[in-house]
Amino acid sequence: MPDDQGHGFQRSAARIGAFASLSYAVDYSFQLVDIFWVARLGAGAPTAIAIASSTLFLVLALNEVVGAGTVPLFAQAAGSGDRERTGHVILQALLLKLVLGAVMALAFGAFMLWAVPLYDIDAAARGHLAAYGQVIWLSLLLVPAYSTMMTALRSLGGEADAARASALALLLNMALNPVLIFGVGSWPGLGIVGAAWATVFAQAVATVLAARSLARNRFGARVFSTANLGWCPPLYRGIAIIGLPLGGVMVLYNLEQAAVTAIVVSFGTAVSDGFGIGARICSFLFMAVFGIAVGASVTVGLHLGAERADVVRQALPRFAGAGTAAFGAVALPLALLGDELVRLFTQDAATVAAGGTYLRFMAVALCLLCAHHVFNAAFEGAGRNMPVLLASAAMYLGVELPAVLALAFLDALNPETLWIAMTVTAAVGALISALLFRHGGWLPEPLSTELQNGKSR
């Protein structure tokens, strides 16, 4: 029976993870579509996209505070079978996300005003960045609520509905990008601004589709009900307690990405353009990693809600191995075709070489990060995320930062040594997370009834 339950865990995690990977990959395909067309605007445009994206993702780290806090609450509520409680926590989380989106939009505006002038980039890249930023901030009003709807759908058995919404939005984005960037007929198009508008419009459509699916969820939870409105401090505190450590993780990760971007632009436009293209391709691959980890964390939450922690202990390491192997079977062959992939976006030889080298290193790093995130899923599904924050701090502040500073001090910092430092950091992260899982710090005390209900009794 335990072995059957272990297979059940892996089937559930694989099913949810597959649909989540599809949804995240489709969502991130917006970025690939953007850069495919934007790269044709000339030198500096990919660099502008890389800078804007690194900042957007840094600001979106705030989204993870609420987002991470909702995973165990949604999954454990659904796992217990309580439809009323499930609908209540989902709507409350959505209301929080609407407020958070406005805060993030203001933060991105502050970056555009005060941080952009500090980047050492040429006039063309600076002009592209300013134009793109004036529109893309609108996505920060949409992504937080949309991402929570997708988490809710996966917890309620609607992972296929979530994937369909993402796929339809991607098709719309693919159709809009060339038209809005380059125009049609006598209309000349909007240039890089058109790429931003295509993304924002497609995200708005995806949000509407996700809300429609959530309102009709198969679990039977009444999410959009006035009975779920109200002021619920216990729930907000619970989400913050669970989510703040993972918010810290995302801040560390995105600060690292922003710092790497700032370092790379100092190597020249050809290298930074290659990095900008390669980073988009790698981030697309990382969506599969994220999806695999989401499948694991939701399944952990469902099992813990049903009081089956012993199944998690036995099955998660096997899922980590299988998930990493499956990801590697896709990522590593792609690394061998790195130059050819970058050449789809640009014909500049120096840019192609820089981007291809980056992809070869990052394919290995992403495999290691896959194992790292799957083991972290035990903590995320349990709602005990402080060990995850400590592991990330050890990775980025204890390994990567000293390595980069040492390379700079020795005058040995170049693109290749930077990619090596990032790969070693990923290996250390995978080892730390595996050891933390084995130690058992993820085993939770049950969430309090007050916190799960999200209301005072």
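The values are calculated or read from the model by the stated rules, or taken from the named source; none is laboratory data. Quantities reported herein were computed from a predicted structural model and do not represent experimental measurements. Neighbour counts are summed over all protein chains in view; Cβ atoms, including those assigned to glycine, are modelled from backbone coordinates with ideal geometry. To get the accessible areas, we keep the full protein, side chains included, count just its heavy atoms, and leave off ligands, DNA and RNA. Shrake-Rupley method; radii C 1.70, N 1.55, O 1.52, S 1.80 Å.
General observations
- Cα gyration tensor shape of segment 311-350, rounded if a/c is under 1.5, else prolate or oblate by comparing a/b with b/c: prolate
- Helices in the chain, meaning DSSP H runs of at least 4 residues, each add -39500 (n - 2.57). Divided by all residues, the mean residue ellipticity at 222 nm is -28000 deg cm²/dmol.
- Whole-percent carbon and sulfur share, accessible surface of segment 14-126, 1.4 Å: 71 percent
- For TRP137, the solvent-accessible surface computed with a 1.4 Å probe is close to 90 Å², ligands and nucleic acids excluded.
- Compactness of segment 26-104 as Cα Rg over 2.2 N^0.38 Å, two decimals: 1.54
- Semi-axis lengths (Å, descending) of the ellipsoid that matches the C-alpha gyration tensor of segment 151-190: 34, 7, 4
- Gain in span if fully extended, PHE224 to LEU401, counting 0.36 nm per residue against the direct Cα distance: 59.2 nm
- Model label points for GLN134 and ILE263, set 7 angstrom from Cα along the Cα-to-Cβ axis, are 3.4 nm apart.
- Of the accessible area of segment 318-457, computed with a 1.4 Å probe over protein heavy atoms only, carbon and sulfur atoms account for 70 percent.
- Inter-part distance where segment 72-122 and segment 225-288 are each reduced to a Cα centre, Å: 11 Å
- For the chain, the solvent-accessible area works out to 40 Å² per residue, with a probe of 1.4 Å and every protein chain left in place.
- Over all projection directions, the Cα-based convex hull of segment 318-435 averages an area of 8.4 nm².
- The chain: mean projected area of Cα convex hull, nm²: 21.0 nm²
- Dipole of the chain, positive end: most advanced residue of TRP137, HIS7, ALA293 [Cβ charges, Cα centre]: HIS7
- For the chain, relative contact order (Cα pairs under 8 Å, six or more residues apart, normalised by length) works out to 26 percent.
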